[in-house]
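Every read-out reported here was derived from the displayed coordinates using simple, explicitly stated rules and does not represent laboratory data. Owing to the predicted nature of the structure, the values given are computational and were not obtained by experimental measurement. Backbone-built Cβ (ideal geometry, glycine too); neighbour counts: all protein chains shown.
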Amino acid sequence: MADLSINCGGIKSPNPFWLASAPPSNSAYQNCKAFEQGWGGTVWKTIGEPVMNVFNRYGGLDYNGQKIFGLNNIELISDRPIETNFREIAETKKLWPDRAVVVSLMVESKRETWHEIVKRTLDTGCDGIELNYGCPHGMSERGMGAAVGQVPEYCKMITEWVTEVSTIPVLVKLTPNVSNIQLPARAAKAAGADGISLINTINSIIGINLDTFELKPNVGGLGGHGGYAGPAVKPIALHLLSQVALDKEVNLPISGIGGISNWRDALEFILLGASSVQVCTAVMHYGFRIVDDMIDGMSNWMDAKGITSLDQIRGKSLPRINDFGNFDLLNKTIARIDQQKCIHCNLCYIACEDTAHQCIDLTEVNGKSKTEVREMDCVGCALCSLVCPVDDCISMVRIDDGSASKTWNQLVNDFKERGEPLTWENLAKFQNQHGIEIH
Amino acid sequence: MKNLVTGLRTEEYEKNFAELHPPFTPGAAITEANRCLYCYDSPCMKACPTHIDISTFIKKISTKNLLGSARTIFESNWVPLTCAKACPVAVLCEGACVFNDKGEKPIEIGRLQRFAIDNYFSQNMLPLFHKASPNGKSVGIIGSGPAGLACGAELSLLGFDVTIYESNKIPGGLNTWGIAPYKLRREDSLKEVELVKSFGVKIETGVLVGTTVTIDDLLKKHSALFLGVGLGESPQLSVQGEELEGVIGALEFIEKVKSEKWHEVPVGKRVAVIGAGNTSIDAATEAKRLGAEEVYIIYRRSDVEMSAYRFEYDLAKKDGIVFYFLTSPKQVVGNSFVEGLECLKMKLEEPDSRGRRKPVSIPGSEFIIPVDMVIKAIGQDTKSAFLNSIPGLTLDNEGCVIVNTESYQTNNPKIFAGGDCINGGKEVVNAAYDGKRAAHGINKFLFPMSEGEN
């Protein structure tokens, strides 16, 4: 079996799967139960200022009968007395010495207050601290959470208050509700953070009740923005992860968060540079038991690929992230439909015909419909292959021989060198030269 | 008849005649609807004889637009509840579902259609369709089966004054009287009758055209007539003993069962059903479910040649029906009532030029099956005597009315026809399509400028 152990900024765990700081990691009972089932670590639900929750606090986004593609919440940080939390954290760590117990913190923006809570946290014997700069609702209105994460200066200031007294690793958890995630990440780095966690939840209104016109979740007729998580946010999280992972000014270990539901999702985060991954929504949907497949699936995948340690693949896909201007304009792919596999749903046809490039012909042969790509006209956009319900029925096939290659940046440069302006006519000449016809 | 079934307890009858395909719960319907791929120009729609836009009505179920779903269905078919429950979906829409090619379970289209239509009928039939203002023409329809109802509904919405003449006291034709109760109950068929009536269609029941009123009367009274008279009696077996008490036609038997007064239907303890079509299976399974101890199906060819659908054959076997293939009745044995059926073993000759293998009897192979009842299910004759009495009508060799395939007009320009009386006996869904198309044929005939190419 492959070695799944990781080290995220000095915080070690037997596997990369941590509970995110959220309702599932609220108590010793829950965290211990999760550890029993195999979770490698936990980020204890944020402790700090006194708060009180409303009753109705979650809203789900369902899609085509599938429950919880997205989950929105207006729950606050831990509403249990802080003494109880400290006691339970200490007990839990004592019981589970090999697992990562990270404590998420959030208090008002006063140096003494932060010093006080960090010291008390160190007393629990936990493995690390995570600073919650992401909570988008409830706490941000009180000047905490996302209110800090959205202002790099605050982020740096408060992180410094923590790192100057902490003797254990400090992770800074970032909010995605910013225009450039690299700025708060750099601030955290400058303040001496040991790692970055991302993403926290995204500002959202999850839905409206069409009978009552009330928001979801509905609190006595009122509702508001909450934090959005779950499978639907994964692509956003992956993008923000890559931005931080590629930022040489940051260069810190990352704990990836955002819509991770299984080992496949987790691997994508690791391939984009995450050291550990944190899970919340999938656990809230199905319980702690999902970690069994996460561990087993990742391990089997690694064994099958001959990978013995996650270090061998961490960040492996990062070098493939590049600018559009460097993509090869002459790398031609087109769609091909395997007529043997086609089930005649005609979804490829209608998608192409109505919304793409009108290059699939729909005819009838022996009483059954036949969809065929007019290869001359196909731009290789791949939409048909995405809507096709049959695996490997529509494949995107490369048809150029690789002898010609030209990126947009090179093309613009060529024009410049030849003293030609970038006009539609000049562009058409280049296209003609390479057999590209735009309809 | 001797040796009658003594009758079952009410709950046993209800269990035996419980629906084969129970309704979806709302949650299950939405789950199933979401499984639908929403194919474009879908194979299921093409396979439906009425071309219901199936993927669209299913999509509407998934968004809980059940009223819209019902509208989509009714736009193509005026008897969709009957079709949902009685159609051989395995060989029509569901048989064409792309999931079959994908190696997965096809969408349960019939049950989804029923879900949408059940919901519509449970909502007091909210008005769904706009009725054109009266156009001053009246049309008479003979027969209130699926063809007549569909024709009447369509004509009525087009602005015609429509009267349906029905010989039975309760309308609906075979939808009401001819479908096995574990598939469709009478009350379901009558819901569709009520819907058609709600458009303003008048139904005069207990009117036997040719006796109560004449065709001439109707031709004078109406601008056009539509014949949706279905088929007539079962043909004679032409064997000795056929007149004995306990020999009955399948349709007559099924009609008694459809009264749903189970304990009043006389059934022998041992029953032979002659013929192996879908009606034979209905009669056999109904006899069994009424309490018959032994039910046999007697068929002169083999299981390969029988016209019953595979799923009907499977149902009969599940009900414990015993099949005598390559067996032909020689005579019904008995003094005044049925005591047995003497049969001959048959063999099939080599295929003829049309590929059909003729059954021939094996001399000396006679044997007697002791039975108390014989049900004849060897097809139905057309109502040729009645049809021949109508001026200008031409019948084909099978006795079916010949119509123009586009307009459904007969050789008498004022008379149109559809359903079993033109095709010799197909599905409800075919009759529903004929009736609807014929309505447009009639409209075009009476208002030549009104209809487009369609």
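Using a 10 Å cut-off around each Cβ of peptide A:59-68, what is the average number of partner chain Cβ atoms that fall inside?
Mean partner-chain Cβ count within 10 Å for A:59-68: 2.
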- Message: At a 10 angstrom cut-off on C-beta neighbours, averaged per residue, how do the peptides B:225-232, B:432-439 rank from highest to lowest?
- Response: B:432-439, B:225-232
- Task: Calculate the translational D of the protein assembly as shown in whole µm² s⁻¹ from Stokes-Einstein, where the hydrodynamic radius comes from the Kirkwood formula applied to all Cα pairs, the temperature is 20 °C and the viscosity 1.002 mPa s.
- Result: 64
- Radius of gyration, Dmax [chain B; alpha carbons; angstrom]: 22.8, 71
- Query: Amide H to amide H under 5 Å from A:E130: which residues, 5+ apart in sequence or cross-chain, H placed 1.01 Å off N in plane?
  - Reply: A:V103, A:S104, A:L105, A:L171
- Task: Give the long-range amide H neighbours of A:L71: residues separated by 5 or more places, or on another chain, with amide H under 5 Å away, using H modelled in the peptide plane at 1.01 Å from N.
- Result: A:L61, A:A229, A:G230
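Average partner chain C-beta neighbours within 10 Å, per residue of B:98-106? Intermediate results must be reported in sequence, preceding the final value.
Details: counts 8, 3, 1, 7, 7, 2, 2, 0, 0.
That average works out to 3.
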- chain A, relative contact order [Cα under 8 Å, separation at least 6], %: 14
- Message: Give the separation of the Cα centroids, the stretch A:45-80 to the stretch A:396-412, in Å.
- Response: 48
- Message: At q = 0.09 Å⁻¹, what log₁₀ I(q)/I(0) does the stretch B:247-376 have when each alpha carbon counts as one equal point scatterer in the Debye sum?
- Response: -0.26
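Of A:W44, A:W408, how do they rank once you tally other Cβ atoms within 10 Å and put the fewest first?
So the ranking, lowest neighbour count to highest, is A:W408, A:W44.
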- Exposure proxy check: B:K85, A:K216, A:K67 ranked by fewest other beta carbons within 10 Å? A:K67, A:K216, B:K85
- Scalar couplings 3J(HN,Hα) for the stretch A:431-439 by Karplus 6.51 cos²θ - 1.76 cosθ + 1.60 (θ = phi - 60°), nearest whole Hz, x for Gly and Pro, are 5, 4, 4, 10, x, 9, 10, 9, 7
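What is the Å³ per residue value for the convex hull set by the Cα atoms of the stretch A:322-439?
That works out to 127 Å³ per residue.
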- Between A:L61, A:L222, A:L198, which gets the highest mean-square fluctuation from a Gaussian network model of chain A, Cα cutoff 10 Å? A:L222
- Once phi for every residue in the stretch A:46-62 is put through the Karplus expression 6.51 cos²θ - 1.76 cosθ + 1.60 (θ = phi - 60°), the whole-Hz ³J(HN,Hα) values, with Gly and Pro written as x, are 3, 10, x, 5, x, 9, 9, 8, 7, 6, 8, 9, 10, x, x, 10, 9
- Pick from A:R186, A:R374, A:R120: which is most flexible by mean-square fluctuation in a GNM of chain A where alpha carbon atoms under 10 Å apart are linked? A:R374
- Query: For the stretch B:1-104, what is the convex hull (Cα atoms) projected area averaged across all directions, in square nanometres?
  - Reply: 9.9
- Query: GNM on chain A, C-alpha springs below 10 Å: top fluctuator among A:T113, A:T159, A:T42?
  - Reply: A:T113
- Item | Degrees between helix A:28-37 axis and first principal axis of chain A (Cα, 0 to 90, nearest 10) | 50
- Among bridges DSSP assigns within the protein assembly as shown, what percent are antiparallel (round to 5)? 40
- Reference-scaled alpha-carbon Rg (2.2 N^0.38 Å with N residues) for the stretch B:158-284: 1.27
- If R0 = 25 Å, then A:E364 and A:L386, at their Cβ-Cβ distance, give a FRET efficiency to the nearest 0.05 of 0.50
- By the mean-Cβ-within-10 Å protection proxy, highest first, B:407-414, B:345-352, A:93-100 rank as B:407-414, A:93-100, B:345-352
- Query: Which entries in B:K220/B:K383; A:K12/A:K316; A:K216/B:K105 show an alpha-carbon gap greater than 25 Å?
  - Reply: A:K216/B:K105
- Item | Theoretical ellipticity at 222 nm over the protein assembly as shown - DSSP helices of four or more residues, -39500 (n - 2.57) apiece, nearest 500 | -9500 deg cm²/dmol
- Task: Sort B:119-127, A:132-140, A:283-291 for me by packing, meaning the mean count of neighbouring Cβ atoms within 10 Å per residue, highest on top.
- Result: A:132-140, A:283-291, B:119-127
- Item | Sequence-distant residues sharing a close amide H with A:L329 (under 5 Å, placed H) | A:K406, A:T407, A:W408
- Task: Can you figure out the FRET efficiency of B:L208 with B:F367, using R₀ = 45 Å and their beta-carbon distance, to the nearest 0.05?
- Result: 0.55
- Message: With 10 angstrom as the radius, rank B:S138, B:S156 by how many other C-beta atoms surround their C-beta, starting from the fewest.
- Response: B:S138, B:S156
- Task: From other protein chains only, count the Cβ atoms within 10 Å of every residue's Cβ in B:33-46, then give the mean.
- Result: 5
- Message: Please report, in whole Å³, the volume per residue of the convex hull around the C-alpha atoms of the stretch A:1-44.
- Response: 64
- Message: Looking at chain A only, what percent of DSSP beta bridges run antiparallel? Nearest 5 please.
- Response: 50
- ³J(HN,Hα) computed for each position of the stretch A:412-424 - Karplus, 6.51 cos²θ - 1.76 cosθ + 1.60, integer Hz, glycine/proline x: 4, 5, 4, 4, 4, 5, 7, x, 9, x, 7, 10, 4
- Over the Cα atoms of the stretch A:6-318 the radius of gyration and the largest Cα-Cα distance (Dmax), both in Å, equal 18.1, 56
